[in-house]
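Derivation of every value follows stated rules applied to the coordinates shown; laboratory data play no part. This structure is a prediction, so every number in the text was calculated from the model and none was measured. Methodologically, a virtual Cβ is constructed for each residue, glycine included, from the backbone with ideal geometry; neighbour enumeration extends over all protein chains shown.
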Protein chains: 2
Amino acid sequence: MSALPTSVTTAPLPEPVLAGLRAIFQDRLHLGEAMRAQHGASEAHFETVLPDAVVFAHSTEEVVALVKLCVAHDTPVIPYGAGTSIEGNTTPTRGGVTVDLSEMNAILQVNAEDFDVTVQAGVRREQLNEHLRDVGLFFPIDPGANATIGGMASTRASGTNAVRYGTMREAVLNLRVITPDGRDIRTARRARKSAAGYDLTRLMIGSEGTLGIITEVTLRLHGIPEAIMSAVCSFDTLGGAVDTVVQAIQLGIPLARVEILDDMQMKAVNAWSKLDYPEKTTLFFEFHGSERYVEEQVETVSAIAAENGGGEFRWSNLPEERAKLWKARHEAYYAAVGLRKGCVGWATDVCVPISRLAECIIETKKDLATASIPATILGHVGDGNFHVVFVLDPNKPEEAEEAEALNKVLVQRALDMDGTCTGEHGIGLGKQDWLMAELGDAVDLMRMIKRALDPKDLFNPGKIFSL
Amino acid sequence: MSALPTSVTTAPLPEPVLAGLRAIFQDRLHLGEAMRAQHGASEAHFETVLPDAVVFAHSTEEVVALVKLCVAHDTPVIPYGAGTSIEGNTTPTRGGVTVDLSEMNAILQVNAEDFDVTVQAGVRREQLNEHLRDVGLFFPIDPGANATIGGMASTRASGTNAVRYGTMREAVLNLRVITPDGRDIRTARRARKSAAGYDLTRLMIGSEGTLGIITEVTLRLHGIPEAIMSAVCSFDTLGGAVDTVVQAIQLGIPLARVEILDDMQMKAVNAWSKLDYPEKTTLFFEFHGSERYVEEQVETVSAIAAENGGGEFRWSNLPEERAKLWKARHEAYYAAVGLRKGCVGWATDVCVPISRLAECIIETKKDLATASIPATILGHVGDGNFHVVFVLDPNKPEEAEEAEALNKVLVQRALDMDGTCTGEHGIGLGKQDWLMAELGDAVDLMRMIKRALDPKDLFNPGKIFSL
């Protein structure tokens, strides 16, 4: 894995930059160590590196002024949202100015009839859905964390609804972006489709702030379904669970959510969320549609599950039961980490063609059985995407080494199955060697684009690939 | 609109290029005027410009050798599929070598369990669906023409199913692409989602051969639904038809197809396809799902239509009736052109937010009422995308001028509504000024990317924008 330099010495900010930052941001410029440390830390296992300054932007115009100032003085700029990314995606490897966009959190325009909304980049997904509830619409993308929409676009995030509603790639209609040359552009208009030139929207999504700073996002929304049912079913075998999902998709059942949790993960969830599910491989489902259609989906899928060794099909249409279930799922990572006191989590993120998923998980389970550290498996089974959560003692570096060795085997296995090293977390610092293994020469094309748009390498430098 | 130079003098191919082409392609190198004229012509109203040579590629390796040869000698390369694009997208503005990929038409690998298929770029959409029928899968994207998959990716094509299944943007999992520096890359792997670096797949889709030559495409497929029903319903008012669609979408009805045809277009369709529909604004629907769910959708939508002034809701689940209906729809362009003997068609292609669609079409109808040339309206109403088909006498240049003036009003109206100048046809030669009007400074970003990847401007030069 790409190692972060263990000691980072950054030059202090040039005086004209400091003066300029003061003029633009006034009391929203922070030079104190606590604020810098908070913005240089990572939710995952990456070393903290301090930016030289943190500023809180309140408008696109401020971001434009910031970019022009920093680029004129060769100073790196690192965009920052909720800080919930887990591949070191916001670590200021070469110092510079971290621009925190979390206070740009206005919901600018809801177009209910068009099923879209324009928000500032710092709006969080839960805030957005609370705002939308009254107009009968929702925004489906739900990574575990309550991330910002700008951050989710930057890392091409997804979550439990992707099997039905897609990822951030499909969810974004257009972006307002500040480029390294200080341009304030909109990547597209509000039409639901367009064939107008290069797809700059999709180029920016997943580029982790290395090509531009996203300040506004227009998102596609969906109507809150007339009926929603959730269901839980445990299985004797992992293959039986995966086969259930594959067969349901083949029959055209539009599963809104389908999540897999292994026995270890179910044990963690039961303990953390005070539930009493069987501690076996389990599927969590959600079905959306009309009353009649949702009932039909539940009937069909429960029959398929029964044929594949599934146990009781516990379904519910009560909002409070559904909420409890999905809260438990969203907290699964914390539940896993909670298995071992004082420990930290490290989540892997492979995604493979669904025909290989059972094999990939079963082989991985075998590897984990020989490991000295506890680990759980959970995943978005309809997409072929799953995570191993290693639960590591931060005082035992040999555990991180063991996890890294196990992850190496896992990612290589996924690549051998024509899969990817990252389904939804991005590359950041943690997956750079794997990106090369996955795409080879194509990474050079990415470098050519980066050099063309950011010739001084100042936008979130050192992420995705080395130049 | 960007005018094509009326006389194009190209230098003859350098002798080493000719020798190289002969060595690579042998009897698949064509220098005769008939073959060159065929590849220099456009289905639409653009002037024919002859390439200096035409070659038929049979393998990716041949394309690599061709690119290396041409780039070494500053010779343009223009990829060519079925030649059915309509914005002059394959016109060899500066001469050079047109590489026809239509004989690279092998279906390489069907992965039925993963709902994907890998094809060579020259495979045509109808050929693909015939091949897939036996495994119960289908590929939904259906522009009017029987285009090649490579060409459809290049122009970000869509069609009647986009409202439910998306466009080429959503349909492609990965591409094999030859870049101007002769690299043979794959843009992604076969996982259904990935957060691995810049989205080169989407960058290539819609780039019209200006950044790379697509030789293979891996596509997402869908299961053929258990039940399919089609329906036709005519309306007293255009607003009533559009409102029916908006309300159905708001209720979460997953319309598989919903097409609007105005009274003129219905007259043309009746004459061309020997049908007897009322010659009023009409919606063509298709519903996919289980038997019961399809029935429920038809019930709900027919009730909505009745509330909006819809007439008889003529539905059918008979395959031959559905086939007849959609054949008539796919031939609508030819039906329109058939309204006037010896004439040619010119299709516009705006797409607006659906809340503005009724207004946009009604205003356009008013403009057309004052015109001296016949014109029809048809469109993918669920996406907000519609076409005016002008039927022009090729011997009367003043008619083309009138159409251009009407189109100018129409595109400006769409842009004023936050729409796009092209929903699915691409920019090519015909929409370059409008691309600037639509995206402004963002087009400079496209130019920067083009210069970085194709510094000599040899890949399909002169398309999308001028450098």
**OP:** Any chance you could give the angle, 0 to 90 degrees and rounded to 10, that helix A:397-416 forms with the longest Cα principal axis of chain A?
**Re:** 70 degrees
Subject >> Overall dimensions of segment A:346-467 as given by Cα atoms, namely Rg and Dmax in Å >> reply: 15.9, 48
Original post:
Stretched out fully, how many nm does the piece from B:ASN270 to B:LEU318 gain, at 0.36 nm a residue minus the Cα gap?
Top reply: 15.3 nm
**OP:** Compare the Cα positions of B:ASN89, A:PRO374, B:PRO16 along the charge dipole of the protein assembly as shown (+1 at Cβ of Lys, Arg; -1 at Cβ of Asp, Glu; about the Cα centre) and return the one farthest towards the positive end.
**Re:** B:PRO16
Subject >> Relative contact order computed over chain B (Cα-Cα under 8 Å; 6+ residues apart), in percent >> reply: 16 percent
Original post:
Principal axis lengths of segment B:96-165 from Cα atoms, whole Å, largest first?
Top reply: 42, 27, 17
Subject >> Projected area, mean over directions - the protein assembly as shown, Cα convex hull, nm² >> reply: 36.9 nm²
Original post:
Using a label point 7 angstrom from Cα along Cα-to-C-beta, what distances in nm, from shortest up, separate B:GLY136 from the other copies?
Top reply: 3.5
Original post:
From the label point of B:GLN412, set 7 Å along Cα to the beta carbon, how far off in nm is each other copy's matching point, shortest first?
Top reply: 6.4
Original post:
Which percentage, to the nearest 5, of the DSSP beta bridges contained in segment B:15-103 is antiparallel?
Top reply: 20 percent
**OP:** Report the local net charge at A:LEU18: Lys and Arg +1, Asp and Glu -1, summed over other residues whose C-beta lies under 15 Å from its C-beta.
**Re:** -1
Subject >> Extreme residue, positive dipole direction of chain B, given options B:MET436, B:ALA153, B:GLY426 (C-beta unit charges) >> reply: B:ALA153
Original post:
In degrees, nearest 10, range 0 to 90: what is the angle between the Cα axis of helix A:291-307 and the longest Cα principal axis of chain A?
Top reply: 70 degrees
**OP:** Let me know the volume per residue of the alpha-carbon convex hull for segment A:15-103, in Å³.
**Re:** 84 Å³
Original post:
Around B:GLY182, with a cut-off of 14 angstrom between Cβ atoms, what is the net charge of the other residues, counting Lys and Arg +1 and Asp and Glu -1?
Top reply: -3
**OP:** Using Cα centres only, tell me the gap between segment A:166-235 and segment B:323-362 in whole Å.
**Re:** 30 Å
**OP:** Quick one: how many lysine pairs does segment A:312-467 have with C-alpha atoms less than 28 Å apart and a gap of 8 or more or different chains? Give me the count, please.
**Re:** 25
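Would you work out the charge dipole size for chain B about its Cα centre, treating the Cβ of every Lys and Arg as +1 and the Cβ of every Asp and Glu as -1, and quote it to the nearest 20 debye?
Dipole of chain B, to the nearest 20 debye: 860 debye.
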Subject >> Ascending list, in nanometres, of distances separating the A:GLU331 label from those of the other copies (7 Å, Cα toward Cβ) >> reply: 6.3
Subject >> Neighbour count of at most 11 Cβ within 10 Å plus DSSP loop: longest trypsin sites (Lys or Arg not before Pro)-free window in chain A >> reply: A:1-273
Subject >> Descending principal axes extents, segment A:227-331, alpha-carbon based, whole Å >> reply: 35, 30, 19
Original post:
To the nearest 10 degrees, how steep is helix B:442-453 against the longest Cα principal axis of chain B, on a 0 to 90 scale?
Top reply: 40 degrees
**OP:** Of all alpha-carbon pairs in chain A, indicate the percentage at a distance above 38 angstrom.
**Re:** 24 percent
Original post:
Taking the Cβ of A:LYS193 as the center, what net charge do the other residues with Cβ under 12 Å away carry, scoring Lys and Arg +1 and Asp and Glu -1?
Top reply: 0
